[in-house]
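Trainee: Got a structure for you, questions after.
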Amino acid sequence: MYDISLKRKWDAEAVRMYQQEQVEGLEKQLGGLEKQLKEAKQASKKAVVIAKAQGEHKKAIETALKFKKMGLPIADIAKGTGLTIEEIEKLK
């Protein structure tokens, strides 16, 4: 009887330890996934900012090209669009 009682106790302890190891492993994986998600969100925000800046720059170039075709002075176009004089001179 005593041996059977000890075996049950040891088995129960082994099961508890195994479950604890599984929980710790899952918590570690979850922490890693949360970190990856945070990094992905930051990268996404950076991509949006870059895309927006590129769109604004493209719009400024289109506007400068229209002004240049209208015959406005390059210095005035540069002031109005925020582009450099060199960028405006390259436009055709």
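The values are calculated or read from the model by the stated rules, or taken from the named source; none is laboratory data. Here the structure is a predicted model, which means the values were calculated and not measured. Methodologically, a virtual Cβ is constructed for each residue, glycine included, from the backbone with ideal geometry; neighbour enumeration extends over all protein chains shown. Accessible surface areas use protein heavy atoms only, side chains included; no ligands, DNA or RNA. Shrake-Rupley method; radii C 1.70, N 1.55, O 1.52, S 1.80 Å.
Trainee: Using θ = phi - 60° and the Karplus relation 6.51 cos²θ - 1.76 cosθ + 1.60, list the HN-Hα couplings for the range 69-83 in order, rounded to whole Hz, with x at every Gly or Pro.
Mentor: In residue order, the calculated couplings are 5, 6, x, 6, x, 4, 4, 5, 4, 4, 5, x, 9, x, 7 Hz.
Trainee: Here are several values of Cα extents along the principal axes in Å: (i) 105, 17, 14; (ii) 59, 58, 29; (iii) 37, 23, 22. Which one was derived from the coordinates shown?
Mentor: The value matching this structure is (i).
Trainee: Using +1 at the C-beta of Lys and Arg and -1 at the C-beta of Asp and Glu, which of Ala14, Ala40, His57 has the Cα lying farthest in the positive direction of the dipole of the chain?
Mentor: His57
Trainee: Output wanted: per-residue J couplings in Hz (rounded whole) for the range 31-38, from phi through Karplus 6.51 cos²θ - 1.76 cosθ + 1.60, θ = phi - 60°, x for Gly and Pro.
Mentor: So the Karplus estimates, Gly and Pro as x, are x, x, 5, 5, 5, 5, 5, 4 Hz.
Trainee: Just how large is the dipole of the range 1-75 about the Cα centre, in debye to the nearest 20, putting +1 at every Lys and Arg Cβ and -1 at every Asp and Glu Cβ?
Mentor: It works out to roughly 900 debye.
Trainee: Could you work out how far the C-alpha centroid of the range 34-92 sits from that of the range 1-17, in angstrom?
Mentor: Each part's Cα centre sits 72 Å from the other's.
Trainee: Sticking with this structure for a sec: Carbon and sulfur atoms: what percent of the 1.4 Å accessible area of the chain do they account for?
Mentor: For the chain, the apolar C and S fraction of the accessible surface comes to 60 percent.
Trainee: Relative contact order (percent) for the chain, with alpha-carbon contacts under 8 angstrom and 6 or more residues of separation?
Mentor: With pairs under 8 Å counted, the relative contact order is 17 percent.
Trainee: Right, another one. Greater than 27 Å separation of Cα atoms is the criterion. Which listed pairs, Lys59/Lys90; Lys52/Lys90; Lys41/Lys79; Lys52/Lys79, meet it?
Mentor: Lys41/Lys79
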